[in-house]
Amino acid sequence: MITIQGKGASTGVAVGPLYFYQRAKSEISRYQATDRDAEWARFEKAQATAIEQLGALAEKARKEAGDEAAALFEVHQMMAEDLDYVEAIEDKIKNEGLNAEAVVSDIAAQFAEMFASMDDAYMQARSADVKDVSGRILDILTGVAQGGIDSPVPVVLAADDLAPSETVQLDKAKILGFVTSGGSGSSHTAILARTMGIPAIIGVGDQLKAEYAGREVIVDGGTGTAVIEADEATRLRLMQKRDEQLKHQEMLNMLKGKENVTKDNQRIRIYCNIGSVEDVHTVLANDGGGIGLFRSEFLYLNCDDYPSEDYQFEAYKKVLSDMDGREVVIRTLDIGADKQIDYFNLPHEENPAMGNRALRICLNRPEIFKTQLRALYRASAYGKLAIMFPMVTSVWEVKEAKKMCELVKKELDAEGIPYAADVEVGIMIETPAAALISDRLAKEVDFFSCGTNDLTQYTLACDRQNNDLGRFFNPHHPAVLRLLKMAADNAHKNGIWIGICGELGADLELTETFLSIGIDELSVSPRAVLPLRQKVRETMVAAVREKLIGDILSDQTSI
């Protein structure tokens, strides 16, 4: 038996084979093939597999986001079968005798450069397509799994950590739990695990070893312990713990349909955070009252080029339609910092968390911002939409963003395209600057939503992605809580509502505090809805409000 200790990032117990995430190989081997016909057959087999995969992705996209979303994969299918492309590869393999990987890599570069140099914008866009299709074929030839998992059975996924662009491509049906060497409680791997409601352990360092691959592992996300090939007593204990947790979940399920109201009749809305269209079913299954944060950047991370207005419209429309009148708050594009996208061609920054990110990119590149806003307002005709701007630090930024909203509405009016007249516009309070001027910002918007992950990071000057700073990254720090109270007070003075959409919203140790300072909405991972509802219904706010607010404001508060 081997015990690995890390930090629990998502509670629960899971058991299954340990599987190491597979990344694409950066170097392509180059050699003379001994059998040219056999090498050509290798390519044809990989090509056929790629076409089959793209067909499956097209159908999945069509079900989740409509025909426009499926069109991208259908274009890639056609590219994989393009006669000029295929003949160029065949010629190079059979006449020069190079291995298939080297040939596909060479022809991809040649075709991509050719398309990029054309004057026609449509043909220029094919440059990215040929790169993507060729990359898929190369992954198949080199044995790299699409989405990082090539297993016939569900697995416990092991990795150093996963980037947002990697998490979005995972086949989530094959994941029982996570174990990562690095990461933090606010890393995207941890957030994904909590959204999926599966156990996750982070920060195990060099305890993960390649020779453990394929062995049975039991993951306890509550204690941060992973046990490989557990002895009988340990296995029995952990399986009993899993059974108890399942029974507790059954008990929580009895709270579905109940109100989020305290014993002294204070109400709060409990919404959900999601990152994809397919997460909506989890929101509904867990009785979320709405969506308090739809991370729209994951639509961009899942594309090889800027997603079109129609592509985004179909995705937003589906979320709003599926939520059937429940409120959906969609955050505008929030990339930069830890979420990088190649086709944005953002320059290297020494400190990207404080650089060109989120609303700053949108204001600097209005054509991208306008496309997204048009898609959002068009989709608003199909449900109850609210739009939220991230990374705000000043009033002028909000005014500029609102001007773009007005421009988009005027264009839609002129084109006769319907949209809802009651779309609320809000901002994220995730910088100390925004909290400190929240009295002024509240006069410009309809609501605040506090992003506590970044608010903690910027307030404490503590990188949320750096696992070595774990004990310094303290979301309970009185400075963070004071900023939240300040924002709440200023929101209510100006007649707007305030929510929390950061991971802190699900922290049951702070539920009484949030109720005491008047938070109107908590948006959490779907699996956190029912435990949070239970906590709210057990609370008597009046009995603790004065003390808790006093603790936040007191100079004697422990830091």
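The values are calculated or read from the model by the stated rules, or taken from the named source; none is laboratory data. Fair warning: this is a prediction, and the values are worked out from it, not measured in the lab. Note that we place each Cβ from the backbone using ideal geometry, even for glycine, and neighbour counts take in every protein chain shown.
Figures for the structure shown
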| read-out | value |
| --- | --- |
| Leading residue by the ranking (nearest to Leu441 (Cα to Cα)) among those in region 480-509 that are charged (D, E, K, R) and buried (at least 19 other Cβ atoms within 10 Å of the Cβ) | Lys485 |
| In region 363-401, residue surrounded by the fewest Cβ atoms within 10 Å (Cβ to Cβ) [restricted to those that are among the charged types (D, E, K, R) and in contact with an Asp or Glu (Cβ under 7 Å, 6 or more places away or on another chain)] | Lys399 |
| Selection within region 411-445 - polar (S, T, N, Q) and not in a loop (DSSP other than H, G, I, E, B) | Ser438 |
| Residues satisfying the stated conditions in region 414-456, i.e. free of Cβ contacts under 8 Å to residues at least 40 places away in the same chain and hydrophobic (A, V, I, L, M, F, W, C) | Ala414, Ile417, Ala421, Val425, Ile427 |
| Filter result for Ala285 (over 18 Å from the mean Cα position of the chain (by Cα), of a type outside the set (Lys, Arg) and surrounded by fewer than 16 Cβ atoms within 10 Å (Cβ to Cβ)) | yes |
| Subset of region 290-308 [farther than 25 Å from Leu162 by Cβ and either at pLDDT 95 or above or of a type in the set (Val, Ile, Thr) (or both)] | Gly290 |
| Options Gly12, Gly8; residue that is buried (at least 19 other Cβ atoms within 10 Å of the Cβ), on the phi > 0 side of the Ramachandran plot and of a type outside the set (Val, Ile, Thr) | Gly12 |
| Residue in region 25-41 that is modelled with the lowest pLDDT, counting only those that are surrounded by 13 or more Cβ atoms within 10 Å (Cβ to Cβ) and within 36 Å of the chain's Cα centre (by Cα) | Lys25 |
| Odd one out for Ser525, checked against (1) buried (at least 18 other Cβ atoms within 10 Å of the Cβ); (2) at pLDDT 95 or above; (3) of a type outside the set (Phe, Trp, Tyr) | (2) |
| Selection count, region 528-559, where residues are among the acidic types (Asp, Glu) and either under 30 Å from Gly197 (Cβ atoms) or at pLDDT 95 or above (or both) | 1 |
| First in region 350-371 and assigned by TED's automatic domain parsing to the domain that holds Arg331 and hydroxyl-bearing (Ser, Thr, Tyr), second anywhere and part of a helix (DSSP H, G or I) and at pLDDT 90 or above, Cβ under 6 Å, 6 or more apart | Thr371/Glu309 |
